[in-house]
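Please read the structure below before turning to the comments.
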Amino acid sequence: MTVLAIEDLHVWFELPDGKELHAVQGIDLSLERGERLGLVGESGCGKTTAILAMMGLLPPTASAAGRILLDGEDILAGGDNTMRAHRWTDIAMVFQGAMNAFDPVKTIGSQIREPMQAAGLAKGKAARARTGELLELVGIAAERQDRYPHEFSGGMRQRAAIAMALACEPKVLLADEPTTALDVMVQAQILELLIRLTDELGLAMIMVTHDLPLVSQVCQRAAVMYAGRISEIGTTSELYHHPQHPYTRMLFRATPDLLAERDVISIPGSPPRLDQEIIGCPFRPRCDAAIDTCAIAYPPTRTAEPGHLSACFVEESA
Ligand SMILES: Nc1ncnc2c1ncn2[C@@H]1O[C@H](COP(=O)(O)OP(=O)(O)OP(=O)(O)O)[C@@H](O)[C@H]1O
Ligand SMILES: [Mg+2]
């Protein structure tokens, strides 16, 4: 059953100089109940912007177009009130850097209670009990709810941030770089936790990260983003064994992978600016397989296998 479907989503920012920055340039995604989907790409490719749009939390300088279907209902078309009605209760987010965003003068528990109180789901003793349950769910003793953020390690604060996102029992969790800045051991524990929660609760998750090998270990499917678009999408196994897009292939090679013994080869250059029109394939200047056609138009979507799509002119680039 599809819980979330994104169709032709565009997001653009109005810049102070009057220019527009087209951060998300028409993406399509779907998410099944209980599924884990990785949204991967280099810094600035539009990952956070795309998921903030799904939460209805874009800044006022941003505009969005397309469809965001939650259980079939277009919540983007519904506007602010519809977005607010579903935020946290149906679709929730762990923000990029969330573990460092707790208010230092409030207890962890009081901060976890905020979304459920705002949604009118629980108050008083019931809210305390629910906070304890949520902490236990993410592997923290219930009585620690009266502690302050500085009494928690980084990994525990990230667990608490996940607990907070789960407070209103959402169907969809958007996790933005949930393990960045954590050491490898703690990173593995947080990933195990996210796998367990999605399996046990039937929760669907979009995990945003720049680490493609890591997504292969956690998610069933991955979408690779480049310059505001999805350059390749498919099962993580397909992407790992049969990458179609040169960017996917180069991204795998550019990221250290503890499981694969190989050299790390970085991708030359950097992604294009998104406040200027891009003609042709945006990856062309960095691509080791580019042909003349790549300079002319954005590549059409090719289907390698059912559900495995890539936007590249070069056939069998793998
Ligand atoms: N509030 C904003 N105003 C103007 N431009 C913005 C704003 N937020 C993001 N952008 C621009 O939109 C593009 C996409 O940014 P976004 O933060 O979505 O990327 P990202 O893929 O999440 O990157 P990272 O991996 O660094 O978190 C970038 O060019 C960024 O500079
Ligand atoms: Mg981001």
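Of all residues in the stretch 237-266, those satisfying the criterion of being of a type in the set (A, V, I, L, M) and crowded, with 19+ Cβ neighbours inside 10 Å are 239, 250, 251.
When the residues of the stretch 66-82 are filtered to those that are out of contact with any helix residue (DSSP H, G or I) (no Cβ under 9 Å at 6 or more places or on another chain) and in a helix (DSSP H, G or I), the one that is nearest to ligand 1 (Cβ to nearest atom) is 80.
Scanning the stretch 50-88 for residues that are closer than 20 Å to residue 39 by Cβ and β-branched (Val, Ile, Thr) yields a count of 3.
Residue count for the stretch 304-315 under the criterion of being assigned to a loop (DSSP other than H, G, I, E, B) and either β-branched (Val, Ile, Thr) or touching a residue at least 60 places away in the same chain (Cβ under 8 Å) (or both): the result is 3.
Within the stretch 132-153, the set of residues being among the hydroxyl-bearing types (Ser, Thr, Tyr) and either at pLDDT below 95 or closer than 24 Å to residue 191 by Cβ (or both) comprises just one member, 153. Taking the listed residues 124, 97, the one that is within 16 Å of ligand 2 (Cβ to nearest atom), on the phi > 0 side of the Ramachandran plot and not β-branched (Val, Ile, Thr) is 97, with no other qualifying.
When 122, 161 are checked against the criterion of being closer than 17 Å to residue 93 by Cα and aliphatic (A, V, I, L, M), a single residue qualifies: 161. A single member of 237, 231 is without any contact (Cβ under 8 Å) to a residue 40 or more places away in the chain and not basic (Lys, Arg), and it is 237. Across the stretch 32-48, the qualifying residues are those that are closer than 22 Å to residue 195 by Cα and surrounded by fewer than 22 Cβ atoms within 10 Å (Cβ to Cβ), and the one among them that is nearest to ligand 2 (Cβ to nearest atom) is 48. When the stretch 49-101 is filtered for residues that are in contact with a Phe, Trp or Tyr (Cβ under 9 Å, 6 or more places away or on another chain), surrounded by fewer than 20 Cβ atoms within 10 Å (Cβ to Cβ) and β-branched (Val, Ile, Thr), only 61 remains.
For the stretch 8-65, the set of residues classified as near ligand 1 (Cβ under 7 Å from one of its atoms) and assigned to a strand (DSSP E or B) consists of 13, 21, 23, 62, listed by residue number.
Being in a loop (DSSP other than H, G, I, E, B) and in contact (Cβ under 8 Å) with a residue 40 or more places away in the chain is the filter here; which residues of the stretch 102-131 pass it? The answer is 102, 103, 104, 105, 106, 107, 119, 121. How many residues are farther than 18 Å from residue 30 by Cα and either without any contact (Cβ under 8 Å) to a residue 24 or more places away in the chain or charged (D, E, K, R) (or both) when one looks only at the stretch 60-81? Qualifying residue count, the stretch 60-81: 5. In the stretch 276-303, the residues that are more than 21 Å from residue 251 (Cβ to Cβ) reach residues that are at pLDDT 95 or above and part of a helix (DSSP H, G or I) with C-beta atoms within less than 9 angstrom, at least six apart or across chains, in these pairs: 279/295; 295/284. Tallying residues that are in contact with a Gly (Cβ under 8 Å, 6 or more places away or on another chain) and of a type in the set (Asp, Glu) within the stretch 184-237 yields 1.
The values are calculated or read from the model by the stated rules, or taken from the named source; none is laboratory data. Predicted model only: the values in this text are computed from it and were never measured. All Cβ positions, even for glycine, are placed from backbone atoms using ideal geometry, and neighbour counts span all protein chains on display.
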